Amino acid sequence: MKKADSRLKKGRPSEKNARLLRAEALELILGKRQKSIEDCKLTFKEIEQELQVNRRRAKSIFREISEISADVTFITDGILVKRETYYHKHLGMDRRLKDALANKVVDIFPNDVNTVACSGGTTVAICVKRFAERRRYHEFFTNNVGVIDQVGGSREIGKVVLTGGIYDSDVHGCVGDQSIEEFKKARCEAALIGVSGINKEGELFVKHCFEKPVNKQIIKFTKSYIFIVADINKFTQEDSWQWATITTDILSDQERKGLAVYVVTNSLDKLSDKKKREHAKKVIASLNKMDRVTVVLVE
């Protein structure tokens with residue numbers, strides 16, 4: 001196999017070299033796997049030395065490989081790579097934006113928080129994965145099966161509690177009364193909430209109606225911090241189901257006057273469409289005027 005250009009420490013690799021790097025990394029991990037029946041490990045340091053890349057590129061290669069591996073199935077006439085559900089189709093969409101949000105959430109998340117409620121959504125699942133990678137040992141309560149997908153093989157994650165309930169394939173998570181009751185009992189200190197739309201009134205939207213009552217319960221019984229994580233595209237749209245408003249459903253609770261809300265999204269320059277960028281700008285400006293709401297823009 002042709003080797004990728006060894007001068008890749010300078011700048012971003014071409015698409016051709018990026019393909020060669022992924023292929024070489026796959027050869028390394030397959031070679032290790034064939035020599036051992038135990039767990040095998042390929043480290044960042046090994047990739048950096050073998051492929052002559054920097055740490056940032058090494059992480060990118062590993063993420064690209066890990067994202068596709070769970071979707072590959074051996075079948076009678078070959079292999080199949082398939083994503084069937086709404087959740088899985090959207091896992092890779094705007095992935096760089098979601099990865100940037102996940103990094104920022106872990107950066108600003110309070111260290112002294114023990115329990116974290118996690119809603120459905122791909123961005124939330126990626127956030128929890130980043131907590132595991134950073135060895136942040138919180139206790140996560142979630143109805144999001146995507147969280148289990150992301151961290152199920154990690155030994156560095158804290159405790160993860162799956163609520164149970166009725167599995168919905170499009171949500172890729174548990175819904176219904178059991179899930180709602182588990183969040184009520186958990187009464188977590190903080191919450192990670194994913195949304196599929198948000199407007200300048202602070203109304204929050206989801207794609208599927210089954211998510212509404214679960215998300216409502218999460219915000220009702222979260223004590224101190226709510227992190228709403230949504231890539232910048234969500235600030236240009238409203239979706240199928242409006243389930244809460246920041247001011248009336250979250251901040252109006254007199255028993256939680258100290259509750260802080262963080263809205264974490266990408267910077268406006270990530271939107272190429274001028275009309276969408278102007279719309280998102282107005283939404284962000286409106287949210288910034290709300291008491292106890294902090295909008296965090298991620299480059």
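Out of the residues in region 41-71 meeting the condition of being modelled with pLDDT of 75 or more and assigned to a loop (DSSP other than H, G, I, E, B), tell me which one is surrounded by the most Cβ atoms within 10 Å (Cβ to Cβ).
Within region 41-71, the match that is surrounded by the most Cβ atoms within 10 Å (Cβ to Cβ) is V53.
Applying the selection to region 252-271, what residues are without any contact (Cβ under 8 Å) to a residue 60 or more places away in the chain and within 17 Å of I284 (Cα to Cα)?
A260, V261, S267, L268, D269, L271
Could you say whether any residue in region 234-244 is modelled with pLDDT of 95 or more, under 16 Å from the mean Cα position of the chain (by Cα) and not small (G, A, S)?
yes
If you check A191 against the conditions, is it under 21 Å from the mean Cα position of the chain (by Cα), small (G, A, S) and closer than 27 Å to G146 by Cα?
Yes; evaluated as a whole, the condition is true for this residue.
For region 278-287, which residues satisfy the criterion of being touching a Lys or Arg at 6+ places or on another chain (Cβ under 6 Å) and either surrounded by 14 or more Cβ atoms within 10 Å (Cβ to Cβ) or outside the structural domain of K200 (by TED's automatic domain parsing) (or both)?
V283, S286
State the number of residues belonging to region 196-210 that are crowded, with 18+ Cβ neighbours inside 10 Å and modelled with pLDDT under 95.
Residues that pass the stated criteria total 3.
Per-residue answers, yes or no, for (1) of a type in the set (K, R); (2) at pLDDT 95 or above; (3) closer than 19 Å to C118 by Cβ; (4) in the same structural domain as K98 (by TED's automatic domain parsing):
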{"residue": "I218", "(1), (2), (3), (4)": "no, yes, yes, yes"}
{"residue": "A230", "(1), (2), (3), (4)": "no, yes, yes, yes"}
{"residue": "I246", "(1), (2), (3), (4)": "no, yes, yes, yes"}
{"residue": "K257", "(1), (2), (3), (4)": "yes, no, no, yes"}
{"residue": "L268", "(1), (2), (3), (4)": "no, yes, no, yes"}
{"residue": "L271", "(1), (2), (3), (4)": "no, yes, no, yes"}
{"residue": "K276", "(1), (2), (3), (4)": "yes, yes, no, yes"}
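Look through region 105-123, keep the residues that are crowded, with 24+ Cβ neighbours inside 10 Å and touching a helix residue (DSSP H, G or I) at 6+ places or on another chain (Cβ under 7 Å), and return whichever of them is farthest from D231 (Cα to Cα).
Applying the filter and picking the extreme gives A117.
The values are calculated or read from the model by the stated rules, or taken from the named source; none is laboratory data. Fair warning: this is a prediction, and the values are worked out from it, not measured in the lab. Quick reminder, even Gly has a Cβ in these numbers, built from the backbone with ideal geometry, and neighbours come from all protein chains shown.
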